[in-house]
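Below: the structure, in structure tokens.
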Amino acid sequence: MKKIVLLRHGESVWNKENRFTGWTDVDLTEKGVEEATKAGDLLKEKGFKFDKAYTSYLKRAVKTLNCVLDRMDQDWIPVEKSWRLNEKHYGSLQGLNKSETAEKYGDEQVLIWRRSYDIAPQPLKEDDPRNPRFELRYKDVPDSELPRTESLKDTVERILPYWKEVIFPSLETSDEILVAAHGNSLRGIIKYLKNIPDDEIVHLNLPTAVPYVFEFDDNMNLVNDYFLGDPEEIKKLMDAVANQGKKDKK
Ligand SMILES: O=C(O)[C@@H](CO)OP(=O)(O)O
């Protein structure tokens, strides 16, 4: 059975501060490193041996991946980074506290910005220093492809070419692949893999650093998917992520 494991990064500094992050390149917290360590130990214990790994251009995902591979003694495997695996761009919400934003605009509006399929927050202004066009790391990406904000739909549209042309085909010559990325970029991939309807994807909240395994048969059809870990604990973590966008969560 071929396997792809999707892994959201461990807790970041802005997860801890409950701020919209998107393409902001924040680091892991100490707890985030612990979570990544735990994920690596669990994957090792379950006998995973990755042939290849993919991650984004953002350090919270890169460092989570490095930590996981180190725990598994698999630091040596080929790793490819792509901007296409970056988090959903959160536009002008980036940096704002999620609960304070919910106090100002209401829980429902924040839920739409966080989880709806095709509604994007207000874009960054062209001259905003956070505009990705000013960043060296994106110098090879055509400006027309660099977002100033994104809906999940936009995120899926920029990930899919990379998924279909690079990640998924690499499964033909590999048995196990690890993808370390972000809450929403992974929600986009999961929506595509499991054919989740637009209105149902609102309910999917990924916890930090919990490995999500996808199994494929010889014809590359998805046959099974499951999280590694205690289901009750994972459900609690998912609910906590959902609650981050509510007024009374500070
Ligand atoms: O802020 C973000 O970039 C994401 C992931 O941390 O948050 P949310 O869960 O609100 O989509």
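Things to note:
- Count of region 146-164 residues which are within 16 Å of the ligand (Cβ to nearest atom) and outside any helix (DSSP H, G or I): 5
- Residue selection: L93 satisfies the criterion of being under 21 Å from R8 (Cβ atoms), modelled with pLDDT of 95 or more, aliphatic (A, V, I, L, M) and in contact with a Pro (Cβ under 7 Å, 6 or more places away or on another chain).
- Filtering I167, I189, I201 for residues that are away from the ligand (no atom under 11 Å from the Cβ), over 19 Å from I119 (Cα atoms) and touching a residue at least 12 places away in the same chain (Cβ under 8 Å) leaves a single hit, I167.
- Restricting region 80-101 to residues that are among the hydroxyl-bearing types (S, T, Y) and under 16 Å from the mean Cα position of the chain (by Cα), the residue that is nearest to the ligand (Cβ to nearest atom): Y90
- The number of residues in region 80-98 being assigned to a loop (DSSP other than H, G, I, E, B) and among the charged types (D, E, K, R) comes to 2.
- If you filter region 1-59 down to residues that are farther than 28 Å from S174 by Cα, in a strand (DSSP E or B) and within 15 Å of the chain's Cα centre (by Cα), you find that the one that is farthest from the ligand (Cβ to nearest atom) is L28.
- Yes/no for D127 being more than 17 Å from V33 (Cα to Cα), of a type in the set (D, E) and either outside any helix (DSSP H, G or I) or within 13 Å of the ligand (Cβ to nearest atom) (or both): yes
- Residue match in region 173-188 (condition: part of a loop (DSSP other than H, G, I, E, B), buried (at least 22 other Cβ atoms within 10 Å of the Cβ) and over 11 Å from the mean Cα position of the chain (by Cα)): no
- Every listed requirement among (1) away from the ligand (no atom under 16 Å from the Cβ); (2) part of a helix (DSSP H, G or I) is met by K104 save one, (1).
The values are calculated or read from the model by the stated rules, or taken from the named source; none is laboratory data. The shown structure was predicted, so the numbers you read here are calculated from the model rather than taken from an experiment. No Cβ is skipped: glycine too gets one built from the backbone with ideal geometry, and neighbour counts run over all protein chains shown.
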